[in-house]
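Here is the structure we will look at, set down as structure tokens.
The values are calculated or read from the model by the stated rules, or taken from the named source; none is laboratory data. Worth saying up front: this structure is predicted, and the values here are computed from it rather than measured. Every residue, glycine as well, gets a Cβ built from its backbone with ideal geometry; the counts of neighbours run over all protein chains shown. When the accessible area is computed, the model is the full protein with side chains, heavy atoms only, and any ligands, DNA or RNA have been set aside. Shrake-Rupley method; radii C 1.70, N 1.55, O 1.52, S 1.80 Å.
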Amino acid sequence: MSENVIISEVSGHVGLLTINRPKVHNALSTQVLLELERAFIALEKDSEVRVIVFTGAGDKAFVAGGDLAEMISRDGITHYQEFAEDIHRVFRRFEASDKPTIAAVNGYALGGGTELLLSLDIRLLADSADLALPEIGLGVFPGAGGTQRLIRQVPPCIAKELMFSGRRFKAEEALRIGLVNRVVPHAELMNEAMSLAAQIAEKSPLILKLMKRALRDGINMPMEAALAHEQALIGLAFDTQDAQEGMAAFLEKRKANFKGR
């Protein structure tokens, strides 16, 4: 695998990660996964980057699952100890990041592709996209967080049907069940994703960080504890220079210039 399997670009305050294996529909091998993790961490550490967009190279696939040629070469325990541990760590890193993430799904998102989507904050789909968790047909089940994330993001009866049957479903169905934010014409997908990313990147990166923590942590807390957590974080938010700038800009009828302080 000699090509750059991950292409990382920065435009303004937006980072773009492209999984670049179009000949195999951007399948996730161990090398791809680890390079994706490294590229993501670099963008996380870049103070100029405020939003990170994920997409796949080519016109056919976002990520068409794991690399089966690699996976079938492993026995069960080796697979668990190596690839499965890696993919759980990496997807959790994306999910727990303080920076907002956007999936620009440009084609097939099957197996690990759907599981990657489930770990990202905002999901935009091309109208040509197909999703699925088809692992049941391979004699396994979604093991990159799919069983746990899907059932928390759509009604349990729908999550079970999709995983038990392994059937593919179209972009419009994904929108209807609330799994994605919007469906756009294929030719407009990247413009839409980058435009949304730029819009979010105009906001305070510090407040985005605090809000993401309120959302991420609170969802697993009882309501009383979650409200207390929110109260503590909003107290921190009000004490920032960005809060003062945002309120002053509103009163002065001008655009806020957030510095992340």
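Below are the figures for this structure:
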| quantity | calculated |
| --- | --- |
| Distance in nm between pseudo-label sites at Ala225 and Leu34 (7 Å out along the Cβ direction from Cα) | 3.7 |
| Bins of 5 Å, starting at 0 and running to the largest distance - Cα pair percent for region 182-239 | 4, 17, 19, 14, 13, 12, 11, 7, 3, 0 |
| Rg [Å, one decimal], Dmax [Å, integer] - region 130-216, C-alpha atoms | 16.2, 46 |
| Listed residue (Leu236, Ala171, Val184) projecting farthest to the positive dipole end of the chain, Cβ model | Leu236 |
| Modelled FRET efficiency - R0 30 Å, Asp239 with Asp46, Cβ distances, 0.05 increments | 0.75 |
| 0 to 90° range, to nearest 10: angle between helix 30-45 axis and the chain longest Cα axis | 0 |
| Convex hull (Cα only) mean projected area of region 4-47, reported in nm² to one decimal | 3.1 |
| Antiparallel DSSP beta bridges within the chain, percent to nearest 5 | 30 |
| Calculated over the chain: convex hull of Cα atoms, volume per residue (Å³) | 140 |
| Label-to-label distance, nm, for residues given as Val10 and Ala96 (7 Å Cα→Cβ offset) | 2.4 |
| Net +/- balance of residues flanking Val183 in space, Cβ distance below 13 Å, scoring K and R +1, D and E -1 | -2 |
| Length gained when the stretch Leu138-Phe164 is fully extended (0.36 nm per residue, less Cα-Cα span) | 8.2 nm |
| Under 11 Å from the Asp127 label point (7 Å along Cα→beta-carbon), backbone N, region 177-201 | 183-188 |
| Accessible area in the full protein assembly, largest first, 1.4 Å probe, for Glu192, Glu172 | Glu172, Glu192 |
| 222 nm mean residue ellipticity, helices alone, for the chain (DSSP H n ≥ 4; -39,500 (n - 2.57); rounded to 500) | -13500 deg cm²/dmol |
| Rg over Rh [alpha-carbon atoms, Kirkwood Rh] for region 84-166 | 0.95 |
| The chain - accessible surface per residue (Å², probe 1.4 Å) | 51 |
| Inter-part distance where region 169-232 and region 3-61 are each reduced to a Cα centre, Å | 19 |
| Förster-model FRET efficiency, 22 Å R0, Glu202 and Arg182, C-beta, rounded to 0.05 | 0.70 |
| Mean Cβ count within 10 Å, highest first, over the residues of peptides 33-42, 223-232, 156-165 | 33-42, 156-165, 223-232 |
| Carbon and sulfur %, accessible surface of region 152-239 computed with the full protein complex present, 1.4 Å | 60 |
